[in-house]
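Peer 1: The structure's right below; bear with me while I get my questions together.
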Amino acid sequence: MTTLDPAPERSTAAPADRDWPSWANRWTQLTFTEDDPLHFDPDFWLDVMRRSHSNATCLSAGGYMAFYPTRIPFHYRSKHLGNGDLFGTLAQGAKKMGMAVMARIDPHAIHADALAAHPEWAALDENGAPVEHWAFPGTYITCPFSTYNSDFLTDVAREITREYDIDAVFANRWQGHGISYSPAAARAFREDTGLDLPRGAFDPDDPAWRAWPTWRRQRLSALVGLWDDAVRAVKPHVRFIPNLGSIAAHDLDRQLVEKHYPLLFIDKQGRSGTEAPWAAGRNGKRSRSVFRDRPVGLITSIGPEHPAHRWKDSVTSGPEFVTWIVDGFAQGAFPWFTKFKAEVLDTRWVEPLIDAFTLHARLEPVLSRLEITAEVALLDATRSSTLPTHGKEQEDGQGAYQALVEAGIPFELVCDGLITAEQLDRFRVLLAPNVQRLSEQECRTIAEWVARGGALVAACETSLLTEDGARREDLGLADLLGVHLTGPVRQSVRNNYVALVGEHPLHAGFTGAQRIIGGTQVVPVQAADDTTVPLRFVPDYPDLPMEEVYAREAPRDPAVVLREHDGGGRSAYVAFNLGSIFWEALQPDHGRLLADTVRWALGGHTSVQVDTPGIVDVSVYRTPRGSALSEVAVCLVNLTNPMTMRGAIRRTLPSGPVSVSVPVPAGADVTSARLVLDGSDVAVNVSDGTAEVIVPCIDLLEVLHLTFAPSSTREKS
């Protein structure tokens, strides 16, 4: 049993650093449990921080339970704390190592004595009874719109900021759980909307239910401002940064982010169910598509994440959480790991964690001066929707994501709702696999971009609905794509095929086949005269009895429609659910058709291409836009493992050789080609303006770093 040291003296030696969000990019988070004061070993944790090159830490301080000697009434203190200071001990040790320190508070529940003294703090159910905690009876859920958050938690944040040398306060589970029918919430909702709080099951036609999400977001956003202003009034460099949790980044008010969010965190701590390992990198891309100027961190747990089970006091496979961390930072989300409970009952996570963070530290000198870029963007369907088809939109996005990863095509995300000329001009190709809800302005913006030379690849019901979910008579992008609806969309189609007709480069990947599998959702369209139709649907025929399974008619209706526009732009329309059927059935022809259509859309423009026998997630870093291209770094994250399509990772299988093709800037030569982690130079073959490098083999991660210089400069030297 360990006895904690008394509360340490408050550190005043280290100067406050207002710029800490720009360099705090490797985080150790430790979430204490009530009995941790009995078993706490601060030297172990400080050693982990040192060996992992962590430069920031997030430590449990208070809220539901205080791990420091608080003086605020009803701020429950760990019964094992005694005269010690669990939070202060580690905070002071981290500060001595030059780390940023963030104090974690969790306001989602209170103990019975606080409820008795302040019943107004509790969330109430529809019958007016306090909501007891679902997992720990005898404690109660707080109402986020009560004085618990606005007054009590503000006092807690001020106390921690005043008494400790910290840089930020981090709030977890602060948004509430469901609707609280407390008097405070009911009164505020009525004042702002003129309505009573919604009751019963969700009803999209109920004005109260329609008003609830926006009202909730606005009220919670105001809390962020209140808390941030409160801690900054105590120490100007300290920030209050709440966990986004269920509030997605694309739903945040941009002015709020500018003022109160110096950096963002993604609380998606690991794989859920059979989620693909590239989901970590997707999280980074999503945040960057909304807030490109804000650093974003990916919180990763060393324990398993499961949608139906919680094993928080456990350790998952080292290769799995390391891959999650590495794929996240390769796609621009700096690493943050979290450990629940300071007592260490299983040390198998330590060395893998140190390896992952060390990789980030080694790459930081190269990647930190470059920006992620891509020629291709995937349009992300993020608008909240109660439509039954919204789930299909997500499956189409996942299938498209998987196909691009398998094809070795680097890409970024563009968020619907943020489709602007500035966003689109960053890319040559926009892939919209089934983004149903697009506004008239968004459709115009896309059409104008194609007229300037951009290329659109759209599929299925993309643009069939307005921004508000109303159904259009025709696709909103019909005139651009050169297709028009001829009937209702067909659902649950069986035994569907598309035939290769004529001769077209899009057929190259299907040598030997006259037709390939089609979709289960078919959009009947007529193609304009100035389009090319390289694939057509085979008219329906039975799938039983087996003797009747043959085509009766020649291929007829357009399945893929291609168009070349006057300004050099291109468009492609796939008249079936290419993304979702690939995600569901994983038939290789669907993935190949999607990737090859994107390559056709690129036209003569070359982009970074990666070819490998395994599966590699690619990201491309380059010299910031607006300056001459002098460096390109290609990150290769090896996702090849025995269970690749089920998400779980037991071990990573080495992959190689990996062929990487990088366009050479006009009038420039390649001056160096180096594998950053291996430390070796590699041979470069330059042909037709493209540099090809063979990376012999990668384990989990490798980065190819190329530098360029103007040809004339090189000749003079």
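The values are calculated or read from the model by the stated rules, or taken from the named source; none is laboratory data. Note that the coordinates shown come from a computational prediction; the quantities given were computed from them, not determined experimentally. Virtual Cβ from ideal backbone geometry, glycine too; neighbours counted across all protein chains shown.
Peer 1: Which condition breaks for Trp174 when tested against (1) surrounded by fewer than 16 Cβ atoms within 10 Å (Cβ to Cβ); (2) in a loop (DSSP other than H, G, I, E, B)?
Peer 2: Condition (1) is where Trp174 drops out.
Peer 1: All but one of (1) assigned to a helix (DSSP H, G or I); (2) aliphatic (A, V, I, L, M); (3) over 20 Å from Tyr573 (Cα atoms) hold for Leu418; which doesn't?
Peer 2: Checking Leu418 against (1) assigned to a helix (DSSP H, G or I); (2) aliphatic (A, V, I, L, M); (3) over 20 Å from Tyr573 (Cα atoms), the one that fails is (1).
Peer 1: Report yes if Gln255 is farther than 25 Å from Val366 by Cα and among the polar types (S, T, N, Q), otherwise no. If you could, list the steps in order and put the result at the bottom.
Peer 2: Values: farther than 25 Å from Val366 by Cα: yes; among the polar types (S, T, N, Q): yes.
Answer is yes for this residue.
Peer 1: For residues that are under 22 Å from Arg26 (Cα atoms) and not aliphatic (A, V, I, L, M), scanning just region 296-313, find the one that is surrounded by the fewest Cβ atoms within 10 Å (Cβ to Cβ).
Peer 2: Ranking the candidates gives Lys312 first.
Peer 1: Test of understanding: among Ser54, Ser78, Ser146, Ser60, which residue is polar (S, T, N, Q), in contact (Cβ under 8 Å) with a residue 60 or more places away in the chain and crowded, with 20+ Cβ neighbours inside 10 Å? Working first, answer last.
Peer 2: Details: Ser78 fails: in contact (Cβ under 8 Å) with a residue 60 or more places away in the chain; Ser146 fails: in contact (Cβ under 8 Å) with a residue 60 or more places away in the chain; Ser60 fails: in contact (Cβ under 8 Å) with a residue 60 or more places away in the chain.
So the residue among Ser54, Ser78, Ser146, Ser60 that is polar (S, T, N, Q), in contact (Cβ under 8 Å) with a residue 60 or more places away in the chain and crowded, with 20+ Cβ neighbours inside 10 Å is Ser54.
Peer 1: Which of the residues spanning region 578-592 are assigned to a helix (DSSP H, G or I) and more than 23 Å from the chain's Cα centre (by Cα)? First the steps, then the outcome.
Peer 2: Initial filter on region 578-592 (assigned to a helix (DSSP H, G or I)): 578-585, 588-592.
Ala585, Pro588, Asp589, His590, Arg592, listed by residue number.
Peer 1: Got at least one residue in region 206-218 being β-branched (Val, Ile, Thr), within 27 Å of the chain's Cα centre (by Cα) and not in a helix (DSSP H, G or I)?
Peer 2: Within region 206-218 (the criterion being β-branched (Val, Ile, Thr), within 27 Å of the chain's Cα centre (by Cα) and not in a helix (DSSP H, G or I)), the answer is no, since none of the residues qualifies.
Peer 1: Answer with yes or no whether Val457 is over 30 Å from Pro542 (Cβ atoms) and either in contact with a Lys or Arg (Cβ under 6 Å, 6 or more places away or on another chain) or not in a loop (DSSP other than H, G, I, E, B) (or both).
Peer 2: Spelling it out, Val457 is indeed over 30 Å from Pro542 (Cβ atoms) and either in contact with a Lys or Arg (Cβ under 6 Å, 6 or more places away or on another chain) or not in a loop (DSSP other than H, G, I, E, B) (or both).
Peer 1: Right, next: Can you name the strands (runs of 3 or more DSSP E) wholly within region 628-693 that have at least 3 residues being over 26 Å from the mean Cα position of the chain (by Cα)?
Peer 2: Answer list for region 628-693: 658-663, 668-675, 684-687.
Peer 1: Looking at Phe40, Phe32, Phe67, which is the one that is under 30 Å from Gly176 (Cα atoms), of a type in the set (Phe, Trp, Tyr) and in contact (Cβ under 8 Å) with a residue 40 or more places away in the chain?
Peer 2: Details: Phe40 fails: under 30 Å from Gly176 (Cα atoms); Phe67 fails: in contact (Cβ under 8 Å) with a residue 40 or more places away in the chain.
Going through Phe40, Phe32, Phe67 in turn, just one is under 30 Å from Gly176 (Cα atoms), of a type in the set (Phe, Trp, Tyr) and in contact (Cβ under 8 Å) with a residue 40 or more places away in the chain: Phe32.
Residue-by-condition table, conditions (1) part of a loop (DSSP other than H, G, I, E, B); (2) aromatic (Phe, Trp, Tyr); (3) under 39 Å from the mean Cα position of the chain (by Cα); (4) within 22 Å of Cys460 (Cβ to Cβ):
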residue: Ala513; (1), (2), (3), (4): yes, no, yes, no
residue: Leu535; (1), (2), (3), (4): no, no, yes, yes
residue: Glu547; (1), (2), (3), (4): no, no, no, no
residue: Tyr550; (1), (2), (3), (4): yes, yes, no, no
residue: Glu553; (1), (2), (3), (4): yes, no, no, no
residue: Leu562; (1), (2), (3), (4): no, no, yes, yes
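Peer 1: From (1) within 25 Å of Pro21 (Cβ to Cβ); (2) over 19 Å from the mean Cα position of the chain (by Cα); (3) surrounded by fewer than 22 Cβ atoms within 10 Å (Cβ to Cβ), pick out the condition that doesn't hold for Val344.
Peer 2: (1)
Peer 1: Something else: Out of the residues in region 564-577 that are part of a loop (DSSP other than H, G, I, E, B) and touching a Lys or Arg at 6+ places or on another chain (Cβ under 8 Å), state the one that is nearest to Met645 (Cα to Cα).
Peer 2: Asn577
Peer 1: Give me a count of the residues in region 242-292 that are within 22 Å of Ala377 (Cβ to Cβ) and modelled with pLDDT under 80.
Peer 2: Count: 7.
Peer 1: Please verify whether region 99-107 includes one or more residues that are over 28 Å from Val322 (Cβ atoms), of a type outside the set (D, E, K, R) and under 33 Å from the mean Cα position of the chain (by Cα).
Peer 2: Taking region 99-107 as the starting set, the residues that turn out to be over 28 Å from Val322 (Cβ atoms) are 105, 107.
With the extra rule that they be of a type outside the set (D, E, K, R), the set shrinks to 105, 107.
Cutting the leftovers down to under 33 Å from the mean Cα position of the chain (by Cα) gives us 105, 107.
Scanning region 99-107 turns up at least one residue that is over 28 Å from Val322 (Cβ atoms), of a type outside the set (D, E, K, R) and under 33 Å from the mean Cα position of the chain (by Cα).
Peer 1: Quick one: how many residues across region 537-547 are in contact with an Asp or Glu (Cβ under 6 Å, 6 or more places away or on another chain) and touching a residue at least 24 places away in the same chain (Cβ under 8 Å)?
Peer 2: Adding up the residues that qualify gives 2.
Peer 1: Further question: Identify the single condition in (1) among the charged types (D, E, K, R); (2) within 19 Å of Arg104 (Cα to Cα); (3) surrounded by fewer than 18 Cβ atoms within 10 Å (Cβ to Cβ) that Asp293 does not satisfy, given that it satisfies every other one.
Peer 2: Going through the list (1) among the charged types (D, E, K, R); (2) within 19 Å of Arg104 (Cα to Cα); (3) surrounded by fewer than 18 Cβ atoms within 10 Å (Cβ to Cβ), Asp293 breaks only (2).
Peer 1: On to the next question. Name the single residue that is nearest to Pro21 (Cα to Cα) among those in region 258-304 being over 11 Å from the mean Cα position of the chain (by Cα) and of a type in the set (Ser, Thr, Tyr).
Peer 2: Only one residue tops the list, namely Tyr261.
Peer 1: State whether the residues of region 183-195 include one that is in contact with a Ser or Thr (Cβ under 6 Å, 6 or more places away or on another chain) and closer than 25 Å to His133 by Cβ.
Peer 2: Yes, because at least one residue in region 183-195 is in contact with a Ser or Thr (Cβ under 6 Å, 6 or more places away or on another chain) and closer than 25 Å to His133 by Cβ.
Peer 1: Hey, does region 465-476 have a residue that's closer than 21 Å to Arg286 by Cβ and either assigned to a loop (DSSP other than H, G, I, E, B) or touching a residue at least 12 places away in the same chain (Cβ under 8 Å) (or both)? Walk me through it before giving the result.
Peer 2: Taking region 465-476 and keeping what is closer than 21 Å to Arg286 by Cβ, we get 467.
Next cut, either assigned to a loop (DSSP other than H, G, I, E, B) or touching a residue at least 12 places away in the same chain (Cβ under 8 Å) (or both) only: 467.
Looking for residues that are closer than 21 Å to Arg286 by Cβ and either assigned to a loop (DSSP other than H, G, I, E, B) or touching a residue at least 12 places away in the same chain (Cβ under 8 Å) (or both), one finds at least one in region 465-476, hence yes.
Peer 1: Quick check, is Thr612 crowded, with 22+ Cβ neighbours inside 10 Å and in contact with a Leu (Cβ under 9 Å, 6 or more places away or on another chain)? Give the steps one after another, and end with the answer.
Peer 2: On the way: crowded, with 22+ Cβ neighbours inside 10 Å: no; in contact with a Leu (Cβ under 9 Å, 6 or more places away or on another chain): yes.
So Thr612 fails the test.
Peer 1: For Ala595, state whether it is part of a helix (DSSP H, G or I), at pLDDT 95 or above and farther than 21 Å from Thr511 by Cβ.
Peer 2: No, not satisfied.
Peer 1: So in region 104-134, with the set limited to residues that are in contact with a Cys (Cβ under 8 Å, 6 or more places away or on another chain) and small (Gly, Ala, Ser), which one is nearest to Arg162 (Cα to Cα)?
Peer 2: Ala122
Peer 1: Looking at region 161-171, can you tell me whether even one residue there is free of Cβ contacts under 8 Å to residues at least 40 places away in the same chain and in a helix (DSSP H, G or I)?
Peer 2: Scanning region 161-171, I find no residue that is free of Cβ contacts under 8 Å to residues at least 40 places away in the same chain and in a helix (DSSP H, G or I), so the answer is no.
Peer 1: Give region 488-497 a look and list any residue that's assigned to a loop (DSSP other than H, G, I, E, B) and surrounded by 11 or more Cβ atoms within 10 Å (Cβ to Cβ), or say none.
Peer 2: Val489, Gln491, Val493, Asn495, Asn496
Peer 1: Which of (1) among the aromatic types (Phe, Trp, Tyr); (2) buried (at least 20 other Cβ atoms within 10 Å of the Cβ); (3) more than 21 Å from Gly303 (Cβ to Cβ) is the odd one out, the single condition Trp23 does not satisfy?
Peer 2: Only one criterion is unmet by Trp23, namely (2).
Peer 1: State which residue is surrounded by the fewest Cβ atoms within 10 Å (Cβ to Cβ) when the search covers only region 637-695 and only residues that are polar (S, T, N, Q) and under 25 Å from Pro352 (Cβ atoms).
Peer 2: It comes out as Ser680.
Peer 1: Which residues, taken from region 498-557, are surrounded by 16 or more Cβ atoms within 10 Å (Cβ to Cβ) and either among the basic types (Lys, Arg) or not assigned by TED's automatic domain parsing to the domain that holds Gly569 (or both)?
Peer 2: Across region 498-557, the qualifying residues are Arg515, Arg536.
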